[in-house]
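The values are calculated or read from the model by the stated rules, or taken from the named source; none is laboratory data. All values derive from a computational prediction rather than experimental measurement. Ideal geometry is used to build each Cβ from the backbone, glycine not excepted, and the neighbour counts take in all protein chains shown. Just the protein is used for accessible areas: all its heavy atoms, side chains included, with ligands, DNA and RNA removed. Shrake-Rupley method; radii C 1.70, N 1.55, O 1.52, S 1.80 Å.
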Amino acid sequence: MLVILLMIVVITYSHALHSPFVFDDLPNISRNPHIQLSELNLDELKDALTKSPVASRPVSNLTFAINWLTHQTNVSGYRLINFLIHIANGVLLYSFLLITLQLPVNQQKIKAPAELAFWATIIWFVHPIHVQSVTYVVQRMNCLATMFFMISLLCYLKARLTETPNTRLYMAILGIISFFMAMGSKEIAITLPIVVLFYEWFFFQDLDIRWFRKHLETLLTVTFLIGMIAFIYVGSSPIDYILAGYANREFSLWQRILTEPRVVLHYIDLFLLPHPSRLSLLHEFELSTSLTEPIITIPIFILLNAMVATAIFIARKHRLYSFCLLWFFGNIFLESSFIGLEIIFEHRTYLPSMMLGVFLLSIQRLFAPQMLHRAILVSLFLIFSTWTYERNSVWADNVALWQDTLQKCPQDVRVYNNLGQALEEKGQLSQAMNHYQEALLLDPQNTKALNHLGIVLSKSGKIESAIEKFKLALSLDREDPLTHYNLALAFSDLGYLDDAVHHYNMAHHHTAGDTDSHVHNNLGILLAKLGRQDEAIAEFKETIRINPYHSESLNNLGVIYAQKKSYAKAAYYFQAALERNSNDPVLHNRLGLAHMLQGQYDKAFNHFNMAIKLNPDYALAKLNLQRLSQFMISNKSQ
C-alpha cells in the first residue's frame, strides 16, 4: 500500500512541488518572522510555537519553523512534507478500514474486506477535492491534525483488540499523546473522544444502551475533557469569543448558521462529482439571509436532518453505513456550524470524507455485478487521478491559480487583488494594474487594492500618482500600517526623508505585536542618512530582535559602527551577517576592512581573498588587498 500511494503522489502531485506560496501561506509562513529560525534554540522555538498568527496550533507552527530552518523560502521542501503526510494518512486510513471491516460484527455483511479497504483508501487518496488540503502548504495544519487523529484512533483499536496489559498501556499513552498532538495541529481533532466512544458502542457493545448507563462516568469524563479543551481555546466567555469571530466578516452568525447546511450538501456534491471546473481555492456562495431566502434553505436543512436521522435509524441493521454517515456529519460539524470562519473551503472535507468512500463503494457493490463493480472502481481511480493531476497543474503556477479562481469567483475583490499581485511578481505591471482597478470598481473603498495600485504606479516611476492612491487609502483607514509603510517608501524615493520617517513610525505604531522587521530596517536606513546614528542603531537592533535572520540589518549595524570607529563591534555584526549570507563578497570585504583596522591582518587577508574569489572583478576588494599586502611588506622590511 505504501509503495502504491507513493507512486500515485509522484504521478499526480509532484509537478506542483515547486509552485509558490499563495494566499494564507504568506502570513503564516513566508511573512511570519516567528517561524523563521536562524538556529535551533529554545527561545526561537518558543516564539514560533506561541507568537505565530495561529498560536493555537503550535505543532503545525513547529513543522513550518523546522522547514524554514532547512529550506527558508524554497517551497518544494514544505510541499514535500505535505505530500509525505498525505501518504501517511492513506496508510493510516487503509489500516483503520482493514481492522474495522474485519471486526466480527462486520464480517458476515462485508465481503472481501481487504479489497474494499484498498479501493476506499485509493479513491479517497486520489480524490481531486483534497488537492487544496495537500498542495496548499498552510493546510498542512489540516492534514497533520488528521494524521494524529488517525494514529490516536488506531492506538485505541490496538489497545482494544490486544489482551496484553503492557501493550494496552503503551497504546493508551501513545493515543493520548497523539490526540493532543492533533489538537495542537488544528482544533478539528476535538471530535476524537466522541468518535472513539461511538466506535466502541457501534462495533464492540452492539449498540446496547445499557452500556452507556453502566459507563456514565466515562461519558461524564469525555464531556468534561471536551469542555476543558473548549475552555482553553475560547476562554471563560464563549459567546463573546464566538461573536468576535464575526467582527470582520460580511455575514452574521445567523446567516452562517442558515447557510452552512447548504454548504455541507455542496461538499457532498463535490465529493460525488469533483470535476476541476467545480473546484476552486475560493468559492462564491450565496448566503441564506432568512429561512426562505433562498427558498431551498429550509428543504436542505430538512434533507440533512433526514440523512442524520436515517443514519441513526439504520444503525442496528447496517451499523457500518450508519457509522460512515455519522463520521462525516460529526467531523464536518465544527467548521460548518456557528464558529465565525469563512463560509466554504474545500479542505474542510479532508477528515470528514475518509469514511464516505466505504459507504458509497459498499452501496454501489450491492447493485452492480462483481466485474462491473471492479470496472467502475478502476474507472473512478483513473478519472479522479487525471482530475487531480489537472487540478495540481493549476496550483503549479500562481497566476494560473488566481485566473482559475477569477473564472469561478468574478465578484470577489480578494481574487482581483491576488491575481494582480501574482502578475506584479512576474513583472506584468500593466495587467496587474488592470486587476487592481477592477477590484476598485467592485469596492471603491478597498484599501488593499488602493495600496497595490500605488505600488504598481511607484514601480512604473509615477511616484506622485502612487502617493495620491496611498493618501486615499489612508483617508479610509488611518491606522493601516501597510499604507503608512508604502507612503514612507514613496516619500523616501522622492527625497522627503522627514515625511518618510514619520510614516515609518506610524507603521511601527500600528503594527500589531510589532512584527514587521522591514519597517525598522528601512527606518534605520533613513535615520542613518539624516545623521541620527544612535537612533538608527536602535532600529536595526529592533529589526534583529524581530527577525534574527535579517542579514541586511546586521550589515547596516556593521557599517554604522565602522563609521563610529568601533571596529570590533563592526566586525562582530559583519561576521553575523556573513553567517546568514556567506557568499556575499561585499560583506567579506567589509569584514576584512574591520579586521585590518584592528590590526588583525591575517583575518583581513583571508576575507579580501574570499571577496575576490566570489567576485573576481571586485575592484575595491583588490585595492584593499593590495594596500594590505604593501603595508605588511613595509612592516616586515622595517
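Taking Gly513, is it open to solvent by less than 60 Å² (accessible area, probe 1.4 Å) and either more than 27 Å from the chain's Cα centre (by Cα) or at pLDDT below 90 (or both)? Spelling it out, it is not the case that Gly513 is open to solvent by less than 60 Å² (accessible area, probe 1.4 Å) and either more than 27 Å from the chain's Cα centre (by Cα) or at pLDDT below 90 (or both). Selection within the range 378-427: residues that are assigned to a loop (DSSP other than H, G, I, E, B) and open to solvent by 70 Å² or more (accessible area, probe 1.4 Å). The member of this set that is nearest to Val10 (Cα to Cα) is Lys426.
Pairs linking a residue in the range 603-614 that is closer than 14 Å to Ser629 by Cβ to a residue that is open to solvent by less than 30 Å² (accessible area, probe 1.4 Å) and of a type in the set (Val, Ile, Thr), with Cβ atoms under 7 Å and 6 or more positions apart or on different chains, do not occur. Scanning the range 538-587 for residues that are open to solvent by less than 30 Å² (accessible area, probe 1.4 Å), within 11 Å of His520 (Cβ to Cβ) and assigned to a helix (DSSP H, G or I) yields Phe540, Thr543, Ile546, Ser553, Asn556.
Listed here are the residues, each with its yes/no results for (1) at pLDDT 95 or above; (2) touching a Lys or Arg at 6+ places or on another chain (Cβ under 6 Å); (3) assigned to a helix (DSSP H, G or I); (4) crowded, with 20+ Cβ neighbours inside 10 Å.
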position: Leu154; (1), (2), (3), (4): yes, no, yes, no
position: Arg168; (1), (2), (3), (4): no, no, yes, no
position: Ala172; (1), (2), (3), (4): no, no, yes, no
position: Phe179; (1), (2), (3), (4): yes, no, yes, yes
position: Phe198; (1), (2), (3), (4): no, no, yes, no
position: Asp206; (1), (2), (3), (4): no, no, no, no
position: Trp211; (1), (2), (3), (4): no, no, yes, no
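Considered as a group, the residues in the range 1-38 that are among the charged types (D, E, K, R) and in contact (Cβ under 8 Å) with a residue 40 or more places away in the chain include one that is most open to solvent (accessible area, probe 1.4 Å), and that residue is Asp24. Looking only at residues of the range 243-258 that are open to solvent by less than 40 Å² (accessible area, probe 1.4 Å) and touching a helix residue (DSSP H, G or I) at 6+ places or on another chain (Cβ under 8 Å), we find that the one that is farthest from Ser56 (Cα to Cα) is Leu258. Hey, does the range 44-52 have a residue that's in contact (Cβ under 8 Å) with a residue 60 or more places away in the chain and in contact with a helix residue (DSSP H, G or I) (Cβ under 7 Å, 6 or more places away or on another chain)? Yes, there is a match, as at least one residue in the range 44-52 is in contact (Cβ under 8 Å) with a residue 60 or more places away in the chain and in contact with a helix residue (DSSP H, G or I) (Cβ under 7 Å, 6 or more places away or on another chain). Residue check: is Leu441 open to solvent by 40 Å² or more (accessible area, probe 1.4 Å), assigned to a helix (DSSP H, G or I) and over 30 Å from Ala16 (Cα atoms)? Taking the combined requirement at face value, the residue satisfies it.
Answer with yes or no whether Val91 is under 15 Å from the mean Cα position of the chain (by Cα) and in contact (Cβ under 8 Å) with a residue 60 or more places away in the chain. Criteria not met by Val91. Working only within the range 497-510, note down all residues that are farther than 27 Å from Gln36 by Cα and open to solvent by 30 Å² or more (accessible area, probe 1.4 Å). Matches in the range 497-510: Leu497, Asp498, Asp499, His502.
I'd like the full set of residues that are among the polar types (S, T, N, Q), assigned to a helix (DSSP H, G or I), open to solvent by 20 Å² or more (accessible area, probe 1.4 Å) and farther than 20 Å from Glu187 by Cα, limited to the range 61-75.
Thr70 - this is the single residue of the range 61-75 that is among the polar types (S, T, N, Q), assigned to a helix (DSSP H, G or I), open to solvent by 20 Å² or more (accessible area, probe 1.4 Å) and farther than 20 Å from Glu187 by Cα.
When Ala315 is tested against (1) part of a helix (DSSP H, G or I); (2) under 24 Å from Asn106 (Cβ atoms); (3) in contact with a Leu (Cβ under 9 Å, 6 or more places away or on another chain); (4) modelled with pLDDT of 90 or more, just one condition goes unmet, and that condition is (1). So which pairs qualify, if the first residue must be in the range 98-111 and crowded, with 16+ Cβ neighbours inside 10 Å, the second must be in a helix (DSSP H, G or I) and acidic (Asp, Glu), the Cβ gap must be under 6 Å, and the two must be at least 6 apart or on different chains? So the pair list comes out empty.
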